[in-house]
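K.L.:
Supplied in structure tokens, the structure appears directly below.
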Amino acid sequence: MSSPFDAFFIGRALAEAVYEQTERALTDALSELGKFDAEQRERLRQFTDEVLARAQREADAARQARSTTAIVTVGSQPTDLQATIDELRAEVAQLRSELKRYRSNSPA
């Protein structure tokens, strides 16, 4: 049988061993958590970069399509943009003259 003196040292050694095991387990868990967090941040950064790159490509394609298009489609027949503007100006002038004629014929 062991003496109380031996039991003290056995208890102390047991407590130190449990403390070391707990410290090691906690350190490993925190290390894995940090690693997981870093991986998730990297994935989020890559996802964000991919989304921004797609948006940039689509915006560039839209800008290029807009700048290279010199023809405006009205109905099914393509018309020159300047001709369309001229037609709209003529319609506005015609409507102004009709409005002026209407106002001059109506009683005040």
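K.L.:
Taking the condition of being at pLDDT 90 or above and either among the small types (Gly, Ala, Ser) or loosely packed, with under 10 Cβ neighbours inside 10 Å (or both), how many residues in region 75-90 meet it?
P.N.:
1
K.L.:
Something else about it: Anything in region 93-108 that is surrounded by fewer than 10 Cβ atoms within 10 Å (Cβ to Cβ) and of a type outside the set (Gly, Ala, Ser)? List them, or say none.
P.N.:
102, 103, 105, 107
K.L.:
Further question: Mind checking which residues of region 1-22 are loosely packed, with under 10 Cβ neighbours inside 10 Å and part of a helix (DSSP H, G or I)?
P.N.:
Within region 1-22, 4, 5 meet the criteria.
The values are calculated or read from the model by the stated rules, or taken from the named source; none is laboratory data. Given the structure is predicted, the values throughout are model-derived calculations rather than measurements. Cβ atoms come from the backbone with ideal geometry, glycine included; neighbour counts cover every protein chain shown.
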